[in-house]
């Protein structure tokens, strides 16, 4: 089941029915918002069946936080071959911004000179994390936060009480994938509530505690989850000059961590020192 994104799905349907499918798509939007789910649905329409174990479907994801040029070269070779069962070979490159510069340049050649019948979907959070020459050669589709009422309706049908629904909505921030994760795992929701409380208190504590807390939190959450919860606290003080400055610091670290392998613990420690 896909929550929201009706306009994006309708647009993809029209493209499919037109018979003029672009060689490459760029799906942009926040993590866990539903981009991958829509991409898999679109692929199933193209193939005429589920992509699971389909010989004409390929899924590429980062290995150790990056997509190497070797992965891209192997993919290029695979899609250059004739499809086995379907009209097209289909590809999803998840977290495409994790392609190294060498990998992006190798991939760009495929976009400039498409080989075989292939349709490629790149999934990223921001188009700015890819070479502009790649972005310009893709059909771009943006995904936006799903309205709270739609997610709330879904959670109500699952039998959740209003208090728990509101807690989930606060951390989900319009992301159906995140909402479903917190619905299915109550301990995870409790962990996020504790994270929120911990982050409020860090600015009042001594330096050594802040360093220890940074290490402790990264054992249970990824850097982006911590930054998102922290950012929410400062958005509530958006009219405060210091809060706006701190939000910029959070955004800077968030973006840097998305496109490069920064030292996440060090980045969080420096951020906590500024609280």
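Bear in mind these aren't lab numbers, they're just calculated from the coordinates by the rules spelled out. Only a predicted model underlies this, so the values are computations on that prediction, with no experimental measurement involved. Note that we place each Cβ from the backbone using ideal geometry, even for glycine, and neighbour counts take in every protein chain shown.
Which of these, 15, 253, 180, has the largest mean-square fluctuation under a Gaussian network model of the chain (Cα springs below 10 Å)?
15
Under a point spin-label approximation (7 Å from Cα along Cα-to-Cβ), what is the residue 41-residue 163 distance to one decimal in nm?
3.4 nm
Calculate the FRET efficiency for residue 220 and residue 102 from the Cβ-Cβ distance with a Förster distance of 35 Å, rounded to the nearest 0.05.
E between residue 220 and residue 102, to the nearest 0.05, is 0.55.
Post the alpha-carbon centroid distance, segment 137-214 to segment 68-108, in whole angstrom.
Here the two parts' Cα centres lie 33 Å apart.
Would you mind classifying segment 196-275 by shape? Square roots of the alpha carbon gyration tensor eigenvalues, ordered a ≥ b ≥ c; an a/c under 1.5 is rounded, otherwise it is prolate if a/b is larger than b/c and oblate if not.
Note, shape of segment 196-275 comes out oblate.
Roughly how many nanometres apart are two label points built 7 Å out from the Cα toward the Cβ at residue 200 and residue 132?
Once both label points are built, they end up 4.5 nm from each other.
Would you work out the relative contact order for the chain, in percent, from Cα pairs under 8 angstrom that are 6 or more residues apart? Let's see the in-between values first.
On the way: 342 pairs, mean separation 57.1, N = 275.
Computed over the chain, the figure is 21 percent.
What is the gain in length, in nm to one decimal, between residue 235 and residue 139 on full extension, counting 0.36 nm per residue of separation less the C-alpha to C-alpha distance?
Values: separation 96, 0.36 × 96 = 34.56 nm, distance 3.26 nm.
Going from the current span to full extension adds 31.3 nm.
Of all DSSP beta bridges in the chain, what percent run antiparallel (nearest 5)? Intermediate values should be presented prior to the final figure.
Details: 1 of 20 bridges.
Around 5 percent of the beta bridges assigned by DSSP in the chain are antiparallel ones.
If you average the sequence gap of Cα pairs under 8 Å that are 6 or more apart and divide by the length of segment 49-154, what percent do you get for the contact order?
Result for segment 49-154 is 28 percent.
What are the radius of gyration and Dmax of the chain, computed over its Cα atoms and given in Å?
20.7, 63
Provide the packing ranking of 237-249, 17-29, i.e. peptides ordered by the mean count of other C-beta atoms within 10 Å per residue, highest first.
Numbers: 237-249: 12.2, 17-29: 15.9.
My ranking of the peptides, most packed first, is 17-29, 237-249.
Residue 50 to residue 186: extension gain in nm, 0.36 nm per residue of separation minus the Cα-Cα distance? Mind showing how you got there, number by number?
Numbers: separation 136, 0.36 × 136 = 48.96 nm, distance 3.07 nm.
So the extension gain works out to 45.9 nm.
Take 1, 99, 178 and order them by how many other Cβ atoms sit within 10 Å, fewest up front.
By the 10 Å Cβ count, ascending, the order reads 1, 178, 99.
State, to one decimal in nm, how far the label point of residue 270 lies from the label point of residue 193, with both points 7 Å from Cα in the Cβ direction.
Going from the residue 270 label point to the residue 193 one covers 3.5 nm.
Within 10 Å of each residue's Cβ, count the other Cβ atoms and sort 221, 272 from fewest upward.
Ordered by Cβ neighbours within 10 Å, fewest first: 221, 272.
What's the long-distance tail for segment 90-247, i.e. % of Cα pairs beyond 18 Å?
Distances greater than 18 Å cover 70 percent of the Cα pairs.
Please compute the Cα-Cα pair-distance distribution of segment 6-142 with 10 Å bins starting at 0, giving whole percents from short to long.
For segment 6-142, the pair-distance distribution reads 12, 47, 36, 5.
Taking 8 Å as the Cα distance limit and 6 or more residues as the minimum spacing, I'd like the relative contact order of segment 127-275 as a percentage. Can you show the working numbers first?
Details: 87 pairs, mean separation 30.2, N = 149.
Relative contact order comes out at 20 percent.
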